[in-house]
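To start, the structure under review is shown below, and the notes come after it.
Every number here is computed from the coordinates shown, using simple stated rules; none is lab data. Model, not experiment: these values are computed from the prediction. All Cβ positions, glycine included, derive from the backbone under ideal geometry; neighbour counts span all protein chains shown.
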Amino acid sequence: MTKISKTVKHKPAISKALKNKAAKIKAAKKTVLKKLFLGKLKSLQYGSGLFAASSINVKTGYNKAWIRDNIYESLGLEHAKDIKSLKKTYSALFDILLTHEYKIDYAIKSKPQYAYQYIHARYNPETFAEFHEEWGNKQNDAVGAFLFKVADLLGKGIMIIRDKNDLRILRKLVDYLASIEYWHDKDNGVWEENEEVHASSVGACVAGLKAISKYTDVPEEIISNGINTLNTLLPRESETKETDLALLSLIYPYNIVSEMQKMQILADVEKHLVREKGVLRYLGDKYYANPSDNSEAEWTMGFPWLAKIYFDAGDMKKYNHYLNLTISSMNADGELPELYYGGTSTHNENSPLGWSHALAIAAVTAAESA
């Protein structure tokens, strides 16, 4: 009996040791992943501080700088605690808006009637000049995203406002969103496609206005108008789209939806859009559709996005599931490409995608700040 008793007594100690060892191995793997993802992300950053959407040498146009993409890409810097590079990105974003302040002034004075009169979507990452060709320029979510992250970073003690000129731009962006009446303004949305009222765009603006109201005056009416539209649209993304990958932004980073709305968005995305190599943007998406069967492209950013959301929700089972899927969607070069052709292991030329890598960094570092 004594011998058996000793054996039973030592089992918990052995189990605990094994668990500790497993935890250390997992932590080491995450450290390696973080360094890999961060290295790929930093390779997309120009000297100006702005990021290309994908490789600087890619010939698809993804070597240009989008306001929205830079905000999402900078999430990777924030989670990696690379504050110097993070501040450089936001200084460049402020400089873009200051360079084109005349356009903001015009839009405040008179509601824009044409797409070119809106704040442009993408810029030369070195000169900050607009690319003048039509590119789904009406992207209200980018303005909301900028306001939100500026306020969010300030709230975390990261001083990214440099002077009174930056403060002036923030006040004007509030007036800009009021002038375009973002709550029912038909924009091109996150995916730069057909003009309609998008929940993801309205939600970004609501989140931005609510957040920046701590630092500058924001009329309550323009926030409540957006909330009313959002509550009417959800859980749909728009009139033509029942669900959409872009709706995840209302959960992270914006945290602008109720718990019930959040659960419905997640249920819809997981039921309709999750695939083996990534997440569809929406059903019926024709962008890079598989030519053999017209199946929708699978976007790698969806997996780390879901992983981060589920970590924040305390669901470690789903967090680990989507983190593992993130790792499995890496290519042979250790990159997360923009997308894979539906049902295949073949990806398009936009690799690595900065947005995917930034979300991957947010996912793998989530436990560090818990």
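General remarks:
- Scanning the chain for trypsin sites (Lys or Arg not before Pro) in DSSP loops with at most 14 neighbouring Cβ atoms within 10 Å leaves 287-370 as the longest stretch between them.
- Span from the the stretch 68-121 Cα centroid across to the the stretch 191-269 one, whole angstrom: 19
- Counting neighbouring beta carbons within 10 Å and listing from fewest to most, the residues 316, 301, 159, 330 come out as 159, 316, 330, 301.
- Rounded to 10°, Cα long-axis angle of helix 199-212 versus longest principal axis of the chain: 90
- Overall, the stretch 29-369 carries a charge dipole of about 1220 debye about its Cα centre when +1 sits on the Cβ of Lys and Arg and -1 on the Cβ of Asp and Glu, all other atoms neutral.
- Here the sum of -39500 (n - 2.57) over DSSP H runs of 4 or more residues, divided by the residues of the chain, equals -17000 deg cm²/dmol at 222 nm, to the nearest 500.
- Farthest toward positive dipole pole in the chain [+1 Lys/Arg, -1 Asp/Glu at C-beta], among 332, 91, 191: 332
- Each of 295, 329, 48, 110 was scored by other Cβ atoms within 10 Å of its Cβ. Arranged with the fewest first, they read 110, 295, 48, 329.
- Structure-derived volume of the Cα convex hull per residue in Å³: which label, when the choices are (1) 162; (2) 257; (3) 236: (1)
- With Cα atoms, 0 to 90° folded angle of helix 354-364 axis to the chain main axis: 40
- Separation of alpha-carbon centers, the stretch 160-177 and the stretch 286-357, rounded to whole Å: 35
- Theoretical FRET efficiency, 1/(1+(r/R0)^6), r = Cβ-Cβ of residue 270 and residue 116, R0 56 Å, to 0.05: 0.90
- Bridge orientation summary for the chain: considering DSSP beta bridges with both residues in this region, about 100 percent are antiparallel.
- Ranking of 218, 206, 269 by count of other Cβ atoms within 10 Å, fewest first: 218, 269, 206
- Among 287, 72, 46, residue whose mean-square fluctuation peaks in a GNM of the chain (springs only between Cα atoms under 10 Å): 287
- Take every Cα pair under 8 Å whose residues are at least 6 apart in sequence, average their separation, divide by the length of the stretch 29-369, and the relative contact order is 19 percent.
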